[in-house]
Amino acid sequence: MQDGLYYSREHEWVKLEDKLARVGVTDYAQRKLGDVVYVELPEVGKQVKQATEPKGKEMELGAVESIKAVSAVYSPLSGKVKEVNQALQDRPELVNTSPYGEGWICVLEPSSLDIELKNLMDAGAYAEHLKKLE
Amino acid sequence: MTSYRQARWVGEDGLEPLVFELGKPGRTGYTLPPKLHEQLNLPKHLIREKLELPELSEIEVVRHYTRLSQMNYGIDSGIYPLGSCTMKYNPKICEELASLDTAAHIHPYQSEETIQGALELMYKLERCLAEIAGVDRVCLHPSAGAHGEFTAMLLTRAYHKFRGDGVRTQVIVPDSAHGTNPASAAMAGYEVVTVPSDARGRVDLKALETAASERTAALMLTNPNTLGLFEDKILKIAKIIHDVGGLLFYDGANLNGILGKARPGDMGFDIVHFNLHKTFSTPHGGGGPGAGPVGVKDELEKFLPVPVIEHEEKRKFYYLNYDRPHSIGKVKAFYGNFGVLVKAYTYILLMGASGLREVSEAAVLNANYIMRKLLGTKGYELKFDAGGPCKHEVVFSAEPLKRETGVGARDVSKRLLDYGMHAPTYYFPPIVSEALMIEPTECEPREELDRFVGALKNIAEEARSNPEKLRSAPTATAIGRLDEVKASREPILSWKMYRKHRA
Amino acid sequence: MPMGHPYIPNVREIQTQMLREIGAASIDELFADIPSKIRLRRKLKLPNAMSELDVKRHVQTILAKNKPFTQMLSFLGGGVWPHHVPAHVRDLVRRSEFLTSYTPYQPEVSQGMLQSFFEYQSMICELTGMDAANASMYDWATSLGEAALMCARVTDGRKFIVPTLISPERFNTLQNYVSGPSLELVKIGYDRQTGQLDLSQLRKELGQGIAGVYVENPSYLGFLETQVDEIAKAAHEAGALFVVGVNPISLGLLKAPGDYGADIVIGEGQPLGNPMSFGGPLLGIFACRDDAKLVRQMPGRLVGMTTTPDGKTRGYAMVLQTREQHIRRERATSSICSNEALCAVAAAIYLASLGPRGLRELGEACAANANYAMRKLRAIKGLKVPIFNAPHFNEFTLNCDETGMSVAKLNAELLNQSIHGGKPLRDKFPELGETSLMCVTEFHTKEDIDHLVNALAEIVG
């Protein structure tokens, strides 16, 4: 993982860039999935909600597929999808090789950043979360 | 047998060339009687200009597909212990009878007096299946297991609608269920609720009680389940579901484990489905055709698909009854995979009442034999219920082997191919990690079972001394492991796409 | 020692040894966990086991009560058609390595089946003008159901448009498939003279929310839908997908639907190398254009080409399995698992044997025979053949209103002369009156057709 990022329980990361939030999946997620063969990107303009239980379709930012599994990408924040990473259409493997860099999935315009940031973890808390899973 | 080597035809780019890479212009493998000379008057804009199909002589076609068949493995080749698939021997007399003119060359629209044989055979097969499962009426229409499950879900919906009960929106499915169960329920518009298995590998009753409500349309259950374990609390399960007004659906994939010993109808199931290509020995054909008939108790009989085969006692006449006002209609164009039904009916007659019971007894003994012989082998463990008997299949976990050596169920399966055996199902059911799901069926001789267990033990040893042997397996087959990641990243699904890809 | 059963090699003595080795007292002990209340304590009420010879006689006797096509002149079609299957096609498909294999989950040992599927998929693409085809569905009717569901998934539309003259069996099946997501089916009428789709009614219906427009070409009643280019255009302008249903035998002669705008092509592959078999097993064709949005929403098995990791050797494997039920479960594109695989291999072998010329000549022969039959039949006073003024392929309608006889009576009289007439249409299409659906293929000789004509002339005369 990387410092300066926020993390969700569903293994997404968030990088705050000015008023926007860049989102991707963590190294743990890409390792569990294996070789990514396809990324289903969300539609630009889609309104999403921060993921809670029980999960619903309005919390989904698309999905990441390997040959044996499909993992929904859950939105770490509520807001609107402003940009999606088209490079993943031709090179889905970027999610494996550069999950925090070139493998970013989309950019959100958060609607309730101040309130919702509290629900995310920092690098340390995420590391603890991972330890509990192993 | 001490070693194995699959046939391997090697061409320029790989194995046997694609049929499109064979042949020459002008060649043909087909002859037609002389044509009538007629003015066709077809509109020019709908006439085809070009068709890119290969041009092969008959001998080229025959050699090509003969060679391809040699690079394939079937039950006739060797043991095929795929869990929940029941890869049993396919009697050749069944093939012979299904290809008679009187079976193959009849049309479903023929008037009833010209197809009495077909209707009689189907009617009798329905009665046999009803008796075997302990239900009242059977419909032979569905073409496959999943199709039967989908039909069962439609029947469930019709039943609740008829009762005026519109809040039944959920179908409960155990976490060990075959994927077709939740998929079929979802196709019928239901919300799928999954219940976990308990420490004994059976449906968790507490969780089921919580999940069952007035919104429950049905519970879909396989018994024995996909772990090869009999759901011994089935009567309690039936009560839980019936008490909330839901229906109980039996997935018949594992019927081979209880044939003649117990019947789903007697356990409280309201709807059952059968896999004729599993329990009733019709050949799998590489993935079909099969047949997935559905059986129901009386209260669901009115909803069965049309037409229903009826028998008029006085005239000794069979006919197709379409006058069924509550029927769900059709789930496919005609009356079922008749070619497959002939084979299943033949099989039932060959085995007879006591034979069918001997089938499940021998199948269950074979599975328990493998279980006991493999138990205690370092590297493999039973996650559930090591104390009791299994039924016709057993699920081992190669998790200990994975932890110890780094190679797991997948590598073990690939290495088994080098022994001239087909691998069991691996990674299923999802509730067992590094799962190896083994179903020998009643058709395997004891020597084969010994060989199979011996191979698994050997492979565990190989994993310790030389794990690379497993990772690089198989090497005795026509081809080794393939880059399946590349295959799904840049899908090439046809000769057309291949040409484009190469350009 | 009692004799074992041919299919159960572990005879009583061996079973006793096995039980001893695993420490079980008896086989019953292995079933002891079945609650006593539900244990079956009696024999199944089924016949006793029969020897192979006895079973053969028994089943043959039952089947002998059928009148097959080879013994009785028949003009039935309408979704299942009689064509000659070359002997080698049957032989090859019954090779046990194909016949007794399972779904090729272990590609290394199943290249035979996998490559055969790839070849089938490829040939279907050439026939239909599509880029990707799956390895089979149950039949045309269920392919249609799945196509409607796919259209809804891709476009988010809730309505699916079909022609009024759609095959009743296919429509009925479609109704069940769309009932899950509660899609609405809309029927578009036809021109009474030509049978052609009512384009102005279609345009009226093509508002918002149409997932797909479906036509059958040739239609269920045998005539060609000539306005397909306009229908495709109208559908696409409304954001809907264009689905075409076909009899693949016609595609040796007729244009590929992909060349007139189809996005999805479905159909009945039975006539390609498979006998009619009383309507099953059949072979559902399903193909679509190479569009990422479409291909990933296709139901069914897909075989793709790949290589060994070193890139040197070509091979085949099942791909995009994440669409399927064993991975996606309730979110799968379809619940389909086992399909009509071996029938697809038969189709591949059949097409490889015919080649483009063989398939074209076959289409011409069928059309020529049908044309001859129509010419001769319409000359009979009182018969209207066909009822639509449009080009036909190898099926056509025959109306006998003016004879004062019903189709049922006509067919009964024909049957007395060992001829099976066409399918009566009045119960499903009452507006067409006393009309039946006739089919002619390369199976019928000139003498066969003359025999039918003479018999009918006599009956109505």
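The values are calculated or read from the model by the stated rules, or taken from the named source; none is laboratory data. Note that this is a predicted model, so its numbers are computed, not measured. Positions of Cβ are generated from backbone atoms using ideal geometry, with glycine treated the same way; all protein chains shown enter the neighbour counts.
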| said: Return the residues of segment B:359-415 that are buried (at least 24 other Cβ atoms within 10 Å of the Cβ), of a type in the set (D, E, K, R), within 12 Å of another protein chain (Cβ to nearest Cβ) and under 30 Å from residue B:132 (Cα atoms); say none if nothing qualifies. | reply: B:391
| Residues of segment B:102-119 being hydroxyl-bearing (Ser, Thr, Tyr), outside any helix (DSSP H, G or I) and either within 14 Å of residue C:418 (Cα to Cα) or touching a helix residue (DSSP H, G or I) at 6+ places or on another chain (Cβ under 8 Å) (or both), which ones? | B:111
| note | Contact list, first residue from segment C:6-30 and more than 8 Å from chain B (Cβ to nearest Cβ), second anywhere and modelled with pLDDT under 95 and exposed (fewer than 12 other Cβ atoms within 10 Å of the Cβ), beta-carbon distance below 8 Å, six or more apart or interchain, is C:11/C:1; C:11/C:2; C:11/C:3; C:12/C:1; C:12/C:2; C:13/C:1
| remark: Scanning segment B:440-476 residue by residue, those more than 24 Å from residue B:394 (Cα to Cα), more than 14 Å from every other protein chain (Cβ to nearest Cβ) and among the hydrophobic types (A, V, I, L, M, F, W, C) turn out to be none
| said: Take the conditions within 7 Å of another protein chain (Cβ to nearest Cβ) and either crowded, with 18+ Cβ neighbours inside 10 Å or not β-branched (Val, Ile, Thr) (or both) and apply them to residue B:21. Does it pass? | reply: no
| query | Looking at segment C:163-194, which of its residues are part of a strand (DSSP E or B) and buried (at least 23 other Cβ atoms within 10 Å of the Cβ)? | reply | C:163, C:188
| task | Kindly establish whether residue C:255 is out of contact with any Cys (no Cβ under 9 Å at 6 or more places or on another chain) and within 8 Å of chain B (Cβ to nearest Cβ). | result | yes
| message | Let me confirm something: among C:94, C:57, which residue is within 23 Å of the chain's Cα centre (by Cα) and free of Cβ contacts under 8 Å to residues at least 60 places away in the same chain? | response | C:94
| note | Of (1) of a type in the set (D, E, K, R); (2) more than 7 Å from every other protein chain (Cβ to nearest Cβ); (3) farther than 27 Å from residue B:440 by Cα, residue C:67 satisfies every one except (2)
| said: So for segment B:96-119 (the condition being more than 8 Å from every other protein chain (Cβ to nearest Cβ), closer than 25 Å to residue B:311 by Cβ, among the charged types (D, E, K, R) and surrounded by fewer than 23 Cβ atoms within 10 Å (Cβ to Cβ)), does at least one residue qualify? | reply: yes
| field | Filtered residue count, segment C:38-54, keeping only those that are facing chain B (nearest Cβ under 7 Å), basic (Lys, Arg) and surrounded by fewer than 13 Cβ atoms within 10 Å (Cβ to Cβ) | value | 1
| What are the residues in segment C:332-347 that are under 18 Å from residue C:280 (Cα atoms) and either among the polar types (S, T, N, Q) or not in a loop (DSSP other than H, G, I, E, B) (or both), if any? | C:338, C:339, C:341, C:342, C:343, C:344, C:345, C:346, C:347
| query | Looking at (1) within 11 Å of another protein chain (Cβ to nearest Cβ); (2) more than 30 Å from residue B:99 (Cα to Cα), which is the one condition that is false for residue B:337? | reply | (2)
| Within segment B:429-444, is even one residue over 24 Å from residue B:384 (Cα atoms) and either within 18 Å of the chain's Cα centre (by Cα) or modelled with pLDDT of 95 or more (or both)? | yes
| remark: Counting only residues that are part of a helix (DSSP H, G or I), hydrophobic (A, V, I, L, M, F, W, C) and within 14 Å of chain B (Cβ to nearest Cβ), segment C:195-245 contains a total of 3
| task | Could you tell me whether residue B:89 is under 26 Å from the mean Cα position of the chain (by Cα), within 7 Å of chain C (Cβ to nearest Cβ), part of a loop (DSSP other than H, G, I, E, B) and under 30 Å from residue C:53 (Cβ atoms)? | result | yes
| query | When both residues are 6+ apart or on different chains and their Cβ atoms are under 9 Å apart, which pairs have a first residue that lies in segment B:237-248 and is on the phi > 0 side of the Ramachandran plot, and a second that is part of a loop (DSSP other than H, G, I, E, B)? | reply | B:245/B:163; B:245/B:165; B:245/B:168; B:245/B:214
| task | Kindly indicate whether any position in segment C:113-129 is touching a Lys or Arg at 6+ places or on another chain (Cβ under 6 Å), closer than 23 Å to residue C:275 by Cα and either facing chain B (nearest Cβ under 7 Å) or modelled with pLDDT under 95 (or both). | result | yes
| residue B:78, sole failed condition from (1) under 19 Å from the mean Cα position of the chain (by Cα); (2) farther than 20 Å from residue B:305 by Cα; (3) facing another protein chain (nearest Cβ under 7 Å) | (3)
| Just one of C:401, C:427 is surrounded by 15 or more Cβ atoms within 10 Å (Cβ to Cβ) and in the same structural domain as residue C:366 (by TED's automatic domain parsing); which is it? | C:401
